[in-house]
Amino acid sequence: MSFNTAFADQIRAHLHSVAALRQGALGSPAHAAAVHTVKRLQARRFRASYADLATDPRTQPAVRFFLEELYGEHDFSRRDEQFGRIAGALERLFPAAVAQLAVDLTEIHALTERLDDALAGHWLGQAEGTPSAERYTLAWRACGARGERERQLAVVQHMGQELQRLTRMRSLRLGLRMMRKPAEAAGLDALQHFLESGFDAFAALGDA
């Protein structure tokens, strides 16, 4: 599939959604703190659920990729800015086969931020002093959003399948590494880091 204006528009729309959530959080310190708490709890749950995979040399890079690039407590605003800046020219700057990953990444990013934001609102709706695990469970049930959760999983699975497929193309991996210096010079180092991290993680993983 070739990268086109429609894909660039999707990337910008997803990033605009994330930026709007960030802007809204600025007006409510309590809500912003709740979002951070939700993200921290989810990262802890992820680490606990996949503790065995996090210590396996084959799967450890993939676990780290999910926590650091897709699902953690990090501020991705710098990478978002880079994605938005080069959305229309992405196919010229990076191998064409990688372009769809940018669309997937921004969609999962927007979905995750939207769901975390909604969950934080329900977190604040629970009684203060409620144990964290119970409070999170109650907020999750109140939030619902089954359709968006299923879409979130579907996009993540598609990204994993595509990364595994692309890592088998040695020329593509070599081309991506050769882009490191040009990407750094163009101020696209955060985007380059995401792509290389994903390739390395799924190359080590074997069977996604």
Out of all the residues in the stretch 144-200, which are of a type in the set (A, V, I, L, M, F, W, C) and farther than 30 Å from ALA118 by Cα? LEU166, MET169, LEU172, LEU174, LEU176, MET178, MET179, ALA183, ALA185, ALA186, LEU188, PHE199
Among residues belonging to the stretch 127-147 that are surrounded by 15 or more Cβ atoms within 10 Å (Cβ to Cβ), over 21 Å from the mean Cα position of the chain (by Cα) and of a type in the set (A, V, I, L, M), point out the one that is nearest to GLN42 (Cα to Cα). ALA139
Take the stretch 168-199 and flag every residue that is modelled with pLDDT of 80 or more, more than 20 Å from THR106 (Cα to Cα) and assigned to a helix (DSSP H, G or I). ARG177, MET178, ARG180, LYS181, PRO182, GLU184, ALA185
Test: residue in the stretch 83-93 that is touching a residue at least 40 places away in the same chain (Cβ under 8 Å), exposed (fewer than 13 other Cβ atoms within 10 Å of the Cβ), more than 19 Å from HIS158 (Cβ to Cβ) and touching a helix residue (DSSP H, G or I) at 6+ places or on another chain (Cβ under 8 Å): no
Looking at (1) surrounded by 14 or more Cβ atoms within 10 Å (Cβ to Cβ); (2) at pLDDT 90 or above, which is the only condition ARG79 fails? (2)
Counting only residues that are crowded, with 21+ Cβ neighbours inside 10 Å and farther than 17 Å from ARG79 by Cβ, how many does the stretch 168-204 have? 1
Kindly evaluate LEU119 against the criterion of being surrounded by 18 or more Cβ atoms within 10 Å (Cβ to Cβ), within 24 Å of ASP200 (Cβ to Cβ) and not β-branched (Val, Ile, Thr). no
Answer with yes or no whether ARG165 is at pLDDT 80 or above, loosely packed, with under 14 Cβ neighbours inside 10 Å, closer than 13 Å to VAL98 by Cβ and of a type in the set (D, E, K, R). yes
May I ask you to say which residue of ALA62, ALA48, ALA30, ALA34 is under 15 Å from the mean Cα position of the chain (by Cα) and among the small types (Gly, Ala, Ser)? ALA62
Would it be correct to say that GLU150 is buried (at least 17 other Cβ atoms within 10 Å of the Cβ), of a type in the set (Asp, Glu) and part of a helix (DSSP H, G or I)? no
Six or more apart or on different chains, Cβ under 8 Å: which pairs go from a residue in the stretch 45-59 that's closer than 13 Å to GLY206 by Cα to one that's at pLDDT below 90 and surrounded by fewer than 14 Cβ atoms within 10 Å (Cβ to Cβ)? Could you list them? ARG58/GLY206
Here the qualifying pairs (Cβ atoms under 9 Å; residues six or more apart or on different chains; first in the stretch 130-153 and free of Cβ contacts under 8 Å to residues at least 24 places away in the same chain; second among the hydroxyl-bearing types (Ser, Thr, Tyr) and surrounded by fewer than 14 Cβ atoms within 10 Å (Cβ to Cβ)) come out as none
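The values are calculated or read from the model by the stated rules, or taken from the named source; none is laboratory data. A quick note: this is a predicted structure, and the numbers were derived from the prediction, not measured. With ideal geometry, Cβ positions are generated from the backbone for all residues, glycine too; neighbour counts draw on all protein chains shown.
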